[in-house]
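To start, the structure under review is shown below, and the notes come after it.
The values are calculated or read from the model by the stated rules, or taken from the named source; none is laboratory data. All figures in this text were calculated on a predicted structure; none of them were measured in a lab. Neighbour counts are summed over all protein chains in view; Cβ atoms, including those assigned to glycine, are modelled from backbone coordinates with ideal geometry. We work out accessible area using only protein heavy atoms, side chains counted, and drop any ligands, DNA or RNA first. Shrake-Rupley method; radii C 1.70, N 1.55, O 1.52, S 1.80 Å.
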2 protein chains.
Amino acid sequence: MEGHIVLAHELDITDIVRTFVGATGGDDNVAYLRPETAQGIFLNYKNVLDTMRVKVPFGIAQIGKAFRNEVTPRNYIFRSREFEQMEIEWFCPPDQAQEWYDFWCEARQNWWKKLGLTEANLQMRCHDADELAHYAKGGCGTFDVEYRFPFTAPGFGELEGVAHRSNFDLTQHQQASKTKLEYFDQERSERYIPHVIEHSAGLSRGVLAILCEAFTPDPDRPSKVYMKFDPRLAPIKAAIFPLVAKDGMPEIARKLYDELRTRYAVQLDIKQAIGKRYARMDEAGTPYCFTIDSDTLTDQTVTVRERDTLSQERINIDQVAGYLAERIGI
Amino acid sequence: MEGHIVLAHELDITDIVRTFVGATGGDDNVAYLRPETAQGIFLNYKNVLDTMRVKVPFGIAQIGKAFRNEVTPRNYIFRSREFEQMEIEWFCPPDQAQEWYDFWCEARQNWWKKLGLTEANLQMRCHDADELAHYAKGGCGTFDVEYRFPFTAPGFGELEGVAHRSNFDLTQHQQASKTKLEYFDQERSERYIPHVIEHSAGLSRGVLAILCEAFTPDPDRPSKVYMKFDPRLAPIKAAIFPLVAKDGMPEIARKLYDELRTRYAVQLDIKQAIGKRYARMDEAGTPYCFTIDSDTLTDQTVTVRERDTLSQERINIDQVAGYLAERIGI
């Protein structure tokens, strides 16, 4: 499928970025940059089990750089040789694997939707039996979350794979390391190697999907386009404007800015026509603009202008922090 | 000096991690992993200048992975082939370089102190003229923040270098790219290539210094040792304990835990003797423990136990979130 690569499947050795370490840097010092974060998590499994007082089922999540020697890097950060991955390995009793696989397929779809990706641009796809990686054969399956990027449309590109890896990895690590990786389940009085449900997502790709989704043309606005980010993901949460740069308005604006900036990424913008300042914030996807005007001087209210609806309402200046906290939830 | 390497100086090509990219992977496809984040910032300079409405002086900060082919990686994360750096390039008018260099030397020392590193374990060291890197010759100098690690004591190891790089990098990039990198200073009606004060810090090393500093033996405590983290850096901000696992105490504890966990990394620990639970939190460096006991049931107060002083006081359960916010400042 156009734009589709497998994130969590077996890789050809030539896909892995080779390097040399140590004093001589010869062929006997060859090393490889990790092509996925997953195996680091499996190495951490026993440490986490021994120190973190966890009980199965539990998960270990990690984000980090991964490297693949892509022959044709392209489509911005969709396919690059160095990228950011985020993975969760979820360890569960073997007989609960199906239940957790179903749970995570549902939960991961909902997570992407909650960040603003729309149903129309998302596709959930179960792998066919002949697509399954070696570690997933015989398991509950593999499930991809795919997004319709502008450059893959009408096709889709992979964002994340959810796979039942059975106990493949821990069994391999146990054999190679000669270290017991079994878990003793006190409630069941039973010893087993946990099964794993893995979610392997491209973080760089996720960012690109969110940028694509947010890009919203609107010929009626001065900016002609705005970025419709979920407020939690907007790089600028709010802007504070004095309507004019006089009559004490800039001072009130600065005071509000100083109050908010310890907690939120906010901008203070003093100069130019108010329409131009709104337009700039639309382009950056800032969800809320607070304007200090002559009424503020007498009744301590400010105008809140909401990015998507363009609606304006007045609230008390003391309520601004609470207004943001309620909407951004941070 | 024992344990001392230069973070921001010229590197020998053999120190740089070599790899191969593309389809054939031959010697004509050789590539190098970045040995520092600095040059990425200089590449971003013009983009930032053109899009972010900044005026000189301004800074660009970045954290990220860097790679060096160390022959003898050692001392935990003090010297490793893959490490995390954090750098700020501060762009200023050439005639203000001395003033900003002095400002940043002071500011960077204070920053490390504010995170909990004590005066006794810190050393500020100006480079001698013959130590200066090629880009720093003729500038205001180079200044290191050094820490006395247990494995360098009585010597020190470098945490951060502050250097006046003059306009060396931007001039080099301008020549190679044939792109003007000058800045037009409206207030002065003057065109110049900004000078740069760089702070290049080892983030991995900083974490190690903070762990070393926090490690505090105390034979009078059941744990014998505790981690004296600044509350802002503690991995667990607070723990919530029901004194006993009955009489509705676990339910009240869970309610408080659910209220706090959306904002802070907190732990709920229900079982075992209270002393054992305190000891575990001392080992993890948790600054505050809140205990729900039989008095809570009648007067809605809880005990706060403070890690460093071991003092205990009672506060209203409704004040717990505010108590934490005030001390952690997040």
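For the stretch B:229-330, compute the orientation-averaged projected area of the C-alpha convex hull (one quarter of its surface), in nm². Intermediate results must be reported in sequence, preceding the final value.
Values: hull surface 22.6 nm².
So the Cα hull casts an average projection of 5.7 nm².
Could you state, as a whole-number percent, how many of the C-alpha pairs of chain A are farther apart than 32 Å?
Percentage above 32 Å: 47.
Determine ³J(HN,Hα), in whole Hz, for all residues of the stretch A:246-258 in sequence, where each value follows from phi through the Karplus function 6.51 cos²θ - 1.76 cosθ + 1.60 and θ = phi - 60°; x replaces Gly and Pro.
Once θ is set to phi - 60°, the couplings for the stretch A:246-258 become 7, 6, x, 5, x, 5, 5, 4, 5, 5, 5, 4, 5 Hz.
Stick to Cα atoms and the Kirkwood definition of Rh, then tell me Rg/Rh for the stretch B:64-196.
1.02
Could you run the Karplus curve 6.51 cos²θ - 1.76 cosθ + 1.60 with θ = phi - 60° over the stretch B:285-294 and give me ³J(HN,Hα) per residue in whole Hz, x for Gly and Pro?
Along the stretch B:285-294, the couplings run x, 6, x, 9, 10, 10, 10, 9, 10, 5 Hz.
Through the Karplus equation 6.51 cos²θ - 1.76 cosθ + 1.60, θ set to phi - 60°, convert the phi angles of the stretch B:263-275 into ³J(HN,Hα) values in whole Hz; use x for Gly and Pro.
10, 10, 7, 10, 10, 10, 9, 9, 8, 6, 5, 4, x
With the full set of protein chains in place, find how many percent of the accessible area of the stretch B:191-330 is carbon and sulfur; take the probe as 1.4 Å.
Of all accessible area on the stretch B:191-330, carbon and sulfur atoms account for 53 percent.
What's the minimum Cβ distance from chain A to the axis relating it to B, in whole Å, and which residue gives it?
A:Thr19, 2
Considering only DSSP states other than H, G, I, E and B, which trypsin sites (Lys or Arg not before Pro) in the stretch B:167-225 qualify as loop sites with at most 11 other Cβ atoms within 10 Å?
Passing sites in the stretch B:167-225 are B:Lys178, B:Lys180, B:Arg188.
Averaged over peptide A:64-72, how many Cβ atoms belonging to another chain are found within 10 Å of each residue's Cβ?
Average neighbour count from other chains, rounded to a whole number: 3.
Measuring from a point 7 Å out along Cα→Cβ, what nm distances, shortest first, does A:Asn47 have to its partners in the other copies?
For A:Asn47, the other copies' label points sit at 3.3 nm, shortest first.
If you split all Cα-Cα distances of the protein assembly as shown into 20 Å bins from zero, what percentages do you get per bin, shortest first?
For the protein assembly as shown, the pair-distance distribution reads 14, 43, 39, 4.
Taking R0 as 30 Å, what's the FRET efficiency between B:Lys137 and B:Lys180 from their Cβ-Cβ distance, rounded to 0.05?
Efficiency at R0 = 30 Å is approximately 0.75.
Place the label 7 angstrom along Cα→C-beta at B:Thr14 and in each other copy, then list the distances from the first to the rest in nm, shortest first.
3.2
Work out the count of Lys pairs in the stretch B:220-330 where the Cα-Cα distance is under 16 Å, with the pair 8 or more places apart or on different chains.
Lysine pairs meeting the criterion: 4.
Report, in deg cm²/dmol and to the nearest 500, the calculated mean residue ellipticity at 222 nm for chain A, where each DSSP H run with n ≥ 4 adds -39500 (n - 2.57) and the sum is divided by the residue count. Before the final figure, lay out each step's value.
Values: 8 runs with 93 residues, N = 330.
The per-residue figure over chain A is -8500 deg cm²/dmol.
7 Å from Cα along Cα→Cβ at both B:Asp220 and B:Met124: what's the point-to-point distance in nm?
It is 3.5 nm.
Once amide H atoms are placed 1.01 Å from N in the peptide plane, what residues at a sequence separation of 5 or more from A:Gln267, or on another chain, have their amide H within under 5 Å of its amide H?
The list, which skips near neighbours in sequence, is A:Ala238, A:Ala239, A:Ile240.
For A:Thr179, place a label point 7 Å out from Cα along the Cα→Cβ vector, do the same in each other copy, and report the separations in nm, one decimal, smallest first.
Output for A:Thr179: 4.6 nm, nearest copy listed first.
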